[in-house]
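The values are calculated or read from the model by the stated rules, or taken from the named source; none is laboratory data. This one's a predicted model, so the numbers in the text were calculated from it and none came from an experiment. So basically every Cβ, Gly included, is an ideal-geometry build from the backbone, and we count neighbours across all protein chains shown. Areas reflect the complete protein model, heavy atoms only, side chains present, ligands, DNA and RNA absent. Shrake-Rupley method; radii C 1.70, N 1.55, O 1.52, S 1.80 Å.
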Amino acid sequence: MPRSLWKGAISFGLVHIPVEMYPAVREHSLDLTMLDRRDFSPVGFKRYNKNNNKEVSWDDIVKGYEYSDGEYVVLSEEDLRRANPEATGTIDILAFVDADDVPLLYYEQPYYLAPGKGGDKVYALLRETLRKTGKIGIATVVIRIKQHLAALVCVGDAIVLNTLRFSDEIRSTDELKIPAADAKASAISDKELQMATALVEGMSDEWQPEQYHDTYREDILALVEKKVAAKETKTITMPGPERERAPSNVVDLVALLQQSIGKKPARQASAKRGEEEDEAPAPKTRKAPAKPKAAAAKRKSA
């Protein structure tokens, strides 16, 4: 079980729900190490005192706020907690709003909330109330040293706290060249809209998140395995000629849509091939070795 990164309570009205916060997502990024191209040794970083250039250990590091040029106020973890004890330990629900009223642009980072000791019943009460009403709770919470706006959302049997961006963090689209709905240059004919709708309906499917995965990461890991097998671990691949890009101006949009409708999506076609292979009798041949992509992904996950 993962360690909780925050303990406190949800508060609205006179209701007090003890909860613990857990990460709801995990990153599968490529951990690339910076190397010195002269001998391929790892490049390290040091924490050093900018006055005497000597290295500083973690035990000697404290945090400070620069209130004027070169002048700092030291702030300990206890100082940060005492500044507002209630804010640092409470998810304070300010209002309940319709879930559809908050644009996806505002959503930032999700966290699971689990009931703390003795909080099961009141946790379940809030969860079922959110589910029945279709509302989400808009709250404020301090995580580490930053206050966040947040949405409490019912997801299955869990309450998820999703941090939100404040309105002044959302950039305006005024400076972007986005076509207006009534612009003549981007006017859409009824036939074009019908064809596009048919294309969308033909590609519509149920949401199955497990069928989507990071193919680029898998390709990189396969390339790593290929270079290791070829003993090219120290070979630096230089840039080649750029590929010609497809023309951006579409002369006949309807013809392009018709061609797209007649072309089966790659995912559905590959799934059908997989079903046909499952139905066909297995050939009596020696099993082929695992492809580099699959092997690399398997080794990484292990």
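Please list the three semi-axes, largest first and in whole Å, of the ellipsoid equivalent to region 104-171, using sqrt of 5 times the eigenvalues of its alpha carbon gyration tensor.
23, 15, 9
Just the Kirkwood number for region 36-99, please: inverse of mean 1/r across all distinct Cα pairs, in Å, one decimal.
Averaging 1/r across every pair of different Cα atoms and inverting gives 16.6 Å.
Using 0.36 nm per residue of separation minus the Cα-Cα distance, give me the extension gain between residue 173 and residue 7 in nm, one decimal.
55.9 nm
Note the direction-averaged projected area, equal to a quarter of the hull surface, for the Cα convex hull of region 134-179, in nm².
Answer in nm², one decimal: 5.5.
Around residue 6, which amide H atoms from residues at least 5 apart in sequence, or from another chain, sit under 5 Å from its own amide H, with H modelled in the peptide plane?
21
Rolling a 1.4 angstrom probe over the protein heavy atoms, how many square angstrom per residue are accessible across region 2-154?
Accessible surface, normalised per residue, equals 75 Å².
Could I have the simple spin-label model distance between residue 128 and residue 82, label points 7 Å from Cα toward Cβ, reported in nm to one decimal?
4.4
Leaving ligands, DNA and RNA out of it, work out the accessible area of residue 96 with a 1.4 Å probe and give it in Å² to the nearest 10.
90
What number comes out for accessible area per residue over region 184-226 if the probe is 1.4 Å? Units Å², please.
It amounts to 83 Å² per residue over region 184-226.
Of all accessible surface on region 38-173 at a 1.4 Å probe, what whole percent is carbon and sulfur?
52
How much length is gained if the chain between residue 75 and residue 105 is pulled fully straight, taking 0.36 nm per residue apart and subtracting their Cα-Cα distance, in nm to one decimal?
That works out to 7.5 nm of additional length.
Which whole-Hz couplings ³J(HN,Hα) result when phi for each residue of region 174-187 is put into the Karplus expression 6.51 cos²θ - 1.76 cosθ + 1.60, θ = phi - 60°, listed in order with x for Gly and Pro?
So the Karplus estimates, Gly and Pro as x, are 4, 8, 8, 8, 9, x, 6, 4, 9, 6, 5, 5, 10, 4 Hz.
Can you give the log10 of the normalised intensity I(q)/I(0) at q = 0.09, 0.13, 0.15 Å⁻¹, computed with Debye over equal Cα scatterers of region 112-243?
Listed by q, the Debye log ratios stand at -0.71, -1.07, -1.06.
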